[in-house]
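Scroll down for the structure; my scribbles are underneath it.
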Amino acid sequence: MSGQQTSYDLIVLGAGVVGTATAYWAAKAGLSVCVVDRQGGAGLETSYANGGQISVSHAEPWANPGAPLKVMKWLFDARAPLLFTPRLDRHQWSWIAGFLRNCTPERARRNTVEIVRLGAYSRAKLQEIRAAENLAYAEKTLGILHFYRDIKEFEAAKPVAELMRRHGCERRVVSRDEVLALEPAFADAIDDVVGATYTAEDESGDARAFTQALAARTAAMGATFLYGSEATRLLLSPSGDRVAGVEVMVAGGHQRLTAPNVVVSLGAWSAPFLRRYGVNLAIYPAKGYSVSIPIEGHNGAPQVSLTDDEYKLVYSNLGTHLRVAGTAELSGYTRHLDAERVAAILENARRTFPNAGNFAAATAWSGLRPTTPSNVPYLGRTRIRGLVLNTGHGTLGWTMAAGSGRIAADLVTERETEIPAPLAA
């Protein structure tokens, strides 16, 4: 295949949920689209086994005024929700410095508003795709219940919920009795719950199943998906100020793909890929874990998607299994599974929902979330004409994918976006 050249209107780098959504909207707008991914299919990296939540209500950024003290408490706890492994990596330390800068009340408020706005827009776009394409992905529209075991954390959540309500996310405070009415599976653990918030408009579903179904639909619209192909470099104009395509490594050699537009949705790998072109992104991988517990006829699995504030875990019932996901490790680009952290997730899940499923048959997974210090993604044009960013969505890639993809496609086609693109900080 060496020397072969194929031309498109748009090349999308990455066939995760964000890149695939971008390709869908671009193909729908009439562009010829090529999606490049090193895996053998769509949704096989960070989108593979995430927490399953479409969670606009989870918009409060990690960087907030209470975060530094919590992080200090967690530093030496191997089972802590956030684990920091120091490395001789200036990008890691630069990310941490940016995180601390975003912990002020003013920045935390601004970032929360940005995330809510993009999340709510994206949730509406997901619903639009679902209605138009009739996709099935174990979707549930039962809302998300965010529950608290600590009264101080519950009280601190109330003003955040009010801020979200003012900006379009109907996250309402509910009592312990309402928690049990909304989700009867709490019967064995309700005494541990001091209160909760509930967002009825939020959803859940299998991100991988959605991504693969949407990729198939997009391919049927004429888009090309080059799986097993790794982007090795951008092709630029002689002056270096305009993108001209991408060089990819495929079986048998390199292939040059030309296009006047390239969207980068390479997740945590977006930052190292783009540095050589002077596009410096404050993205660092935050390794997250998930376990998938077969339900196998058990009747104790929650139906409503949940967020456990104390342990920073999310629960989503995906029909055949209960997905429990959470924790974050800032430890570089390794996907090594720490057995102790997996055991902690299973232990917490079993203690809260002892009849949820077959815990002995649970499977574990890890993925690298592309996280910015502010939790606001990079979504917009760069100084290189034709090069558009759609990356850095952190834990909210599934939540923000449909809307981010639409905005990126609108930027490529030079249509006015329906909402302003957010500004990562």
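The values are calculated or read from the model by the stated rules, or taken from the named source; none is laboratory data. Just so it is clear, the model here is predicted, and its values are computed rather than measured. Positions of Cβ are backbone-derived with ideal geometry, glycine not excepted, and every protein chain shown enters the neighbour counts. Surface areas here come from the heavy atoms of the whole protein model, side chains and all, with no ligands, DNA or RNA. Shrake-Rupley method; radii C 1.70, N 1.55, O 1.52, S 1.80 Å.
Rounded to the nearest 10 degrees, the inclination of helix 339-352 to the longest alpha-carbon principal axis of the chain is 50 degrees. Computed over protein heavy atoms with a 1.4 angstrom probe, the accessible surface ordering of Asp338, Asp192, largest first, is Asp192, Asp338. Taking the DSSP bridge list for the chain and keeping only pairs wholly inside it, about 70 percent are antiparallel. Go through the stretch 20-93 and name the trypsin sites (Lys or Arg not before Pro) that are in a DSSP coil and have 15 or fewer other Cβ atoms within 10 Å of their Cβ. Qualifying residues, ordered by number: Arg87.
Tell me the carbon and sulfur percent of the accessible area for the chain, rounded to whole percent, probe radius 1.4 Å.
52 percent
Using the Karplus relation 6.51 cos²θ - 1.76 cosθ + 1.60 with θ = phi - 60°, the per-residue 3J(HN,Hα) values for the stretch 280-291 come to 9, 10, 7, 10, 9, x, 10, 5, x, 10, 9, 10 Hz, with x marking Gly and Pro.
Charge dipole (Cα centre; +1 on Lys/Arg Cβ, -1 on Asp/Glu Cβ; no other charges) of the stretch 206-249 amounts to roughly 100 debye. Relative to the first principal axis of the alpha-carbon coordinates of the chain, what is the inclination of helix 397-413, with its axis defined by its Cα atoms, in degrees from 0 to 90 and to the nearest 10? Here the helix axis deviates by roughly 30 degrees.
The Cα atoms of the chain give a gyration tensor whose axes a ≥ b ≥ c have a/c of 1.5 or more with a/b greater than b/c, which makes the shape prolate. For the stretch 212-217, the Karplus equation 6.51 cos²θ - 1.76 cosθ + 1.60, evaluated at θ = phi - 60°, returns couplings of 5, 5, 5, 4, 5, 5 Hz by residue, with Gly and Pro reported as x.
Helix 90-101 and the longest principal axis of the Cα set of the chain meet at an angle near 50°.
For Asn280, neighbours were defined as the other residues whose beta-carbon sits under 13 Å from its Cβ, and their charges (Lys and Arg +1, Asp and Glu -1) total +4.
When Ser175, Ser331 are compared by accessible area of protein heavy atoms, the largest-first order is Ser175, Ser331, using a 1.4 Å probe. In the context of the full set of protein chains, the chain has a per residue accessible area of 39 Å² (1.4 Å probe). Taking 21 Å as the limit for the C-alpha separation, the pairs Lys70/Lys312; Lys125/Lys158; Lys70/Lys158; Lys287/Lys312 exceed it in the case of Lys125/Lys158.
Using θ = phi - 60° in the Karplus curve 6.51 cos²θ - 1.76 cosθ + 1.60, the 3J(HN,Hα) couplings for the stretch 236-249 round to 10, 5, x, 7, x, 9, 9, 6, 10, x, 9, 9, 10, 9 Hz; x is entered for Gly and Pro. When only Cα pairs below 8 angstrom with a gap of at least 6 residues are kept, the chain shows a relative contact order of 27 percent. Working ranking of peptides 403-415, 270-282 by packing, defined as the average number of other Cβ atoms within 10 Å per residue, highest first, is 403-415, 270-282. A cut-off of 5 Å between modelled amide H atoms, ignoring neighbours fewer than 5 places along the same chain, links Glu203 with Ile54, Val56. Projecting the Cα atoms of Ala339, Ser7, Val116 onto the charge dipole of the chain, computed from C-beta unit charges around the Cα centre, puts Ser7 farthest toward the positive end.
Rg and Dmax, both from the Cα atoms of the stretch 57-158 and both in Å, are 17.6, 49. Backbone amide hydrogens, once placed in the peptide plane, bring Leu313 within less than 5 Å of Asp308, excluding anything fewer than 5 places away on its chain.
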